Amino acid sequence: MVDETSIFIGASRKPDDSYQRAEELLLRYGNRHGLVTGATGTGKTVSLQILAEGFSNAGVPVFCADIKGDLSGISMMGEAKDFLVKRAEQVKLDPYQFQEFPVIFWDLFGEQGHPIRATISEMGPLLLSRLMNLTEPQEGVMNIAFRIADEEGLLLLDLKDLQALLANIAERADELSARYGNVTKPSVGAIQRTLLVLEQQGAANFFGEPALRIADIMRTTRDGRGAISVLAADKLMMNPRLYATFLLWLMSELFEELPEVGDLDQPKLVFFFDEAHLLFEDAPKVLIDRVEQVVRLIRSKGVGVYFVTQNPLDIPEKVLAQLGNRVQHALRAYTPREQQAVRTAAETFRPNPDFDCATAITQLATGEALVSMLEDKGVPAMVQRTLIRPPSSRLGPITPDERRKIIAESPVAGQYDQVVDRESAFEILQKKTKEAQDAEAQAQQQKSGGSRWTIPGFDDVLGTGNRRSSNRQTVAEAAIKSVVRSVGSSVGRAIVRGILGSLARGR
Ligand SMILES: Nc1ncnc2c1ncn2[C@@H]1O[C@H](COP(=O)(O)OP(=O)(O)OP(=O)(O)O)[C@@H](O)[C@H]1O
Ligand SMILES: [Mg+2]
């Protein structure tokens, strides 16, 4: 029933509800993406869990977000509860074996998992603007800020780097406007204020180093199973924009860093995007287009993206069209709008003459779904009413103690725990400001009749200094240039990456 080329999902049923056959996800189409939908409490998380288990067992690393904490149980051995054993019998899962999975816990806040960070330059102007909900003119300023950072060799790692850069830009607004177009003090000020709000929401933890190494979410164990990265997202969900932007960033990083591989026997990584509606809610068209593009292209890098959300209508049509493997749990249909949603969801399936899809969607039991996976030649299979298999790992959350233990024994333990604050824009600009102030002070001293410390014969040299420092800008610029000369190639790379970050590219 289960072989190495597929993942067992459950058993479809005949019109009289008797067993029909095993439903499977073909691993070679695992990179053709997927969709898990359904109303609250209908079985989405469990479906995600059994898919993640299947991928892990096949050696495919998985990344998923744990919105309510109930996915964490995947790290623990399951137990033979009656309703699970009964379900296993119904779907002819024999033997029904229990298993714990290799899980790495991550947390943007560093509380329920290893801290996960990105640098500002990796995030890039488009995603940052989205994160901060900037207006178009403000986004323009953000783009210019990144260009300036690039040209002047200012490394943008954390929020205080960006703050320092913006402060510097505000000071030089006139000069920069002449060079790049409109950079007004008010628009810079507005961005600075938004940045403060972001900081108060705890985003400061997220920006900085050591940034996440993609290789760490693509690990496999010695016995050939894919590691399951579980992102603790309960607290993160209080800032849905940060949640969505972070996952988008991760997806674009994968896209950037992984080589083209064409079609493989199985994916290199599978990425579950829970609460996927947050990604698209009032997102600007340019961003939706980029997401659509990344989803389309990431396939050939061997990455499968699975969106999880209540309703298929939450996903823009162009993205929806690319999601090949589908699991539709029950939807309610009380209001006309809900009824419309049910009809639309039904229309996305290849119909089955045995039943009416729209009616079936409203009648599905918990843990039952309409399933259509890609079959031979990548064609969607006829939709089937399918009882989803029970998980092998624990159903429900783990205890804080269990979590602590797993975190301590993790293969990345110690790698991300300490923040590294190397010299970047903040420190460089601070130094420059100080140099400029010193030069100014010196000039003032010169003007006020020379200092008591004048060195005989050196008047000329100090006089030169006086002329130069009368123009603060020039001093600052000279300092910046010296920084540009002194930054190593590794710094340059980091900045360029941010500018060319996939989602920022082509603007
Ligand atoms: N395949 C399954 N086998 C056995 N029980 C299941 C299965 N799927 C769901 N259940 C039962 O239904 C409950 C709810 O499922 P689940 O948590 O997956 O719903 P959900 O759609 O994720 O809900 P929410 O939208 O609230 O997160 C589970 O705790 C479990 O008891
Ligand atoms: Mg759930």
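The values are calculated or read from the model by the stated rules, or taken from the named source; none is laboratory data. Here the structure is a predicted model, which is why all the values come from computation and not from measurement. Neighbour counts are summed over all protein chains in view; Cβ atoms, including those assigned to glycine, are modelled from backbone coordinates with ideal geometry. Ligands, DNA and RNA are stripped out before the accessible areas are found, and what is left, the full protein with its side chains, is counted by its heavy atoms. Shrake-Rupley method; radii C 1.70, N 1.55, O 1.52, S 1.80 Å.
Applying a threshold of 20 Å to the alpha-carbon distances of K160/K285; K68/K235; K44/K318; K285/K318; K14/K92; K81/K235 flags K160/K285; K44/K318; K81/K235 as lying beyond it.
Both radii were evaluated on the Cα set of region 1-125; the Rg over Rh quotient, with Rh as the Kirkwood radius, amounts to 1.02.
Taking the protein heavy atoms of region 80-148 in the context of the full set of protein chains, the accessible area attributed to carbon and sulfur is 45 percent at 1.4 Å. Rolling a 1.4 Å sphere over the protein heavy atoms, what is the accessible area per residue of the chain, to the nearest Å²? For the chain, the per-residue accessible area is 45 Å². For the chain, list log₁₀ I(q)/I(0) at each q in 0.12, 0.13 Å⁻¹, using the Debye formula over Cα point scatterers of equal strength and ignoring solvent, two decimals each. Log10 of I(q)/I(0), two decimals: -1.06, -1.20. Counting only DSSP beta bridges whose two residues both lie in the chain, roughly 45 percent are antiparallel. With only the Cα atoms considered, region 106-187 has a convex hull volume of 94 Å³ per residue. Using Cβ point charges alone (K and R +1, D and E -1), the dipole size of region 66-175 about the Cα centre works out to roughly 540 debye. With only the Cα atoms considered, region 236-370 has a convex hull volume of 139 Å³ per residue. Here the Kirkwood formula, the inverse mean of 1/r across different C-alpha pairs, assigns region 248-320 a hydrodynamic radius of 12.7 Å. Between Q363 and Q200, the modelled labels are 5.3 nm apart [label points 7 Å from Cα along Cα→Cβ]. Here K68 and D438 are evaluated by their C-beta separation; at R0 = 45 Å the FRET efficiency comes out at 0.25.
Could you estimate the translational diffusion coefficient of region 288-338 from the Stokes-Einstein equation, with Rh from the Kirkwood formula over C-alpha pairs, at 37 °C and 0.692 mPa s, in whole µm²/s? Taking Rh from Cα pairs, D becomes 263 µm²/s. Comparing region 320-421 with the 2.2 N^0.38 Å rule of thumb, its C-alpha radius of gyration ratio is 1.60 (two decimals).
In whole percents, the pair-distance distribution calculated for region 123-245 from its alpha-carbon pairs, binned every 5 Å from zero, is 2, 10, 18, 20, 17, 11, 8, 6, 4, 2, 1, 1, 0. Within region 159-190, find all residues whose amide N lies under 13 Å from a label point positioned 7 Å from the Cα of T135 along Cα-to-beta-carbon. Counting only backbone N, you get 184-190. What translational D, rounded to a whole number of µm²/s, comes out for region 56-109 from Stokes-Einstein when the hydrodynamic radius is the Kirkwood one over Cα pairs, at 25 °C and 0.890 mPa s? D, rounded to a whole number, is 186 µm²/s. Averaging over all projection directions, the Cα-based convex hull of region 1-53 occupies 4.6 nm² in the image plane.
The Stokes-Einstein estimate for region 212-286, based on a Kirkwood radius over Cα pairs and taken at 4 °C with 1.567 mPa s viscosity, is a diffusion coefficient of 90 µm²/s. Packing here is the average count of other Cβ atoms within 10 Å per residue, and on that basis the peptides 178-188, 156-166, highest first, run 156-166, 178-188. If you take the Cα centroid of region 147-175 and the Cα centroid of region 1-73, the two points sit 46 Å apart.
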